[in-house]
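For reference, the structure discussed in these notes is given below.
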Amino acid sequence: MLKSIRKKIAELPSELQYRVQRANYIQSLPALSSDDRIIVDALQKEGVYVTSLSKLNLASTAQMLDAARVQLDRMKNLAEPRLSQQGKRLPSIFTVTDLPEFLIWGQEGRLLGVVENHIGLPAAFQGVHLRQDFASEDQTGTLLWHKDEEDRRILKIIVYLNDVDREVGPFEYIPKPLTALYRAEYWRIYAKNQQKRFLGIDDQEMEQIIPRSAWKACLGSAGTVVFVDTKSVFHHGTLRSVDRAALFFVYTAKHPKHPELCSQYHDLTFARPELLKK
C-alpha cells in the first residue's frame, strides 16, 4: 500500500498538468442538447448511463446494425475457438474499426459531443470491437471486477446485439460514488486487486467490501446502449449460461495516458481473418 501511495504522489505533477489542460479547454467544449447533457451528467455522477439505439436515433444506425449482423455471422462460422492457457474458451473478438459502417456510427457528431464533454479534452475515437462472449461458470478475464487503464477518463459505448437478461450475463458495475478515492472502500479494493496483480477480483471478494445490493446490472433488449466510463467505475461481465454479442466503441483523450493499451482497437491484435491473410 505504501508503494501505491508513493506512486500516486510521484504522478501529482502530471495530474496537475492534466487538470490545468481540462480547465483551459472548458470554453472549447461543444454545446449539448438537454438530452445529451443528461448523459454527461450521469457519467460524471454515476459513471454509467443506459439508453437505446431507438432513443439515440442516429442516422447511421441501420447500416451499422446490418454490418454487425454480417460480421457476427462470419465470427460464428470460425472453425477454431480461442482458448486460454487453462483450456477455457475465450471470447471471439473482431476489430471492425476499419469498416465504414462502424467508423461512421462511432463518429456521429452527437456521440462525439457527449464524448468530448465527458473527457473534457480533444477526444479520439480509438476504435470498435465486435465481441461474442460464451457461456461460462468461472470468473476469469473481464468477468472479474476491474477498472480499465487506457486513460484518466475513458468512454465506452456498449451496444447489445441480443436481448440481455441475467442468464445472458449483463454488464454490471458499482456506482462511482461508492468507490471514490476518499472512501475506505476504494483502498480496500485497491489492496485486494494488488494482491491479484491487478488482474481483477471475484464476486466473493468484492462482496466483502461492497454489498451485492449496491451492484447494478445493465439489463435490456437488443439495441440497448450503455455509456460507461470504464476508468471511473469497477465493472465486469457477469457469469452467463447463454452467449452474448455486443459492440464496444472506445474513446479517450487525443493523447491518452497509456496509448499502448489503445492500439488493440485498431491494430491486428483482434484482426478479422481476411486481414491476417494480407
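Here are the numbers for this structure:
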read-out: Single condition SER4 does not satisfy, out of (1) at pLDDT 95 or above; (2) farther than 24 Å from LYS254 by Cα; (3) part of a helix (DSSP H, G or I); value: (1)
read-out: Of residues in the range 121-161 being small (Gly, Ala, Ser) and within 15 Å of the chain's Cα centre (by Cα), the one surrounded by the most Cβ atoms within 10 Å (Cβ to Cβ); value: GLY127
read-out: Search result, residues across the range 167-200 that are within 30 Å of ALA222 (Cβ to Cβ) and either among the β-branched types (Val, Ile, Thr) or touching a Leu at 6+ places or on another chain (Cβ under 7 Å) (or both); value: VAL168, GLY169, PRO170, ILE174, GLY200
read-out: Test: residue in the range 187-205 that is of a type outside the set (D, E, K, R) and closer than 27 Å to LEU78 by Cβ; value: yes
read-out: Tally of residues being modelled with pLDDT under 95, closer than 20 Å to GLN208 by Cβ and among the β-branched types (Val, Ile, Thr) across the range 139-188; value: 1
read-out: Qualifying residue in the range 195-207 (condition: modelled with pLDDT of 95 or more and closer than 27 Å to ASP66 by Cβ); value: no
read-out: Restricting the range 41-64 to residues that are over 17 Å from ILE158 (Cβ atoms) and touching a residue at least 24 places away in the same chain (Cβ under 8 Å), the residue that is nearest to the chain's Cα centre (by Cα); value: GLN44
read-out: Check on LYS231, modelled with pLDDT under 95, out of contact with any strand residue (DSSP E or B) (no Cβ under 7 Å at 6 or more places or on another chain) and among the charged types (D, E, K, R); value: no
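Yes/no matrix, rows are residues, columns are (1) without any contact (Cβ under 8 Å) to a residue 60 or more places away in the chain; (2) β-branched (Val, Ile, Thr); (3) more than 24 Å from GLN63 (Cα to Cα); (4) in contact with a Gly (Cβ under 9 Å, 6 or more places away or on another chain):
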| position | (1), (2), (3), (4) |
| --- | --- |
| LEU90 | yes, no, yes, yes |
| VAL96 | no, yes, no, yes |
| ILE104 | yes, yes, no, no |
| LEU155 | no, no, no, no |
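The values are calculated or read from the model by the stated rules, or taken from the named source; none is laboratory data. Just so it is clear, the model here is predicted, and its values are computed rather than measured. Heads up, the Cβs are rebuilt from the backbone with ideal geometry, glycines too, and the neighbour counts pull from every protein chain shown.
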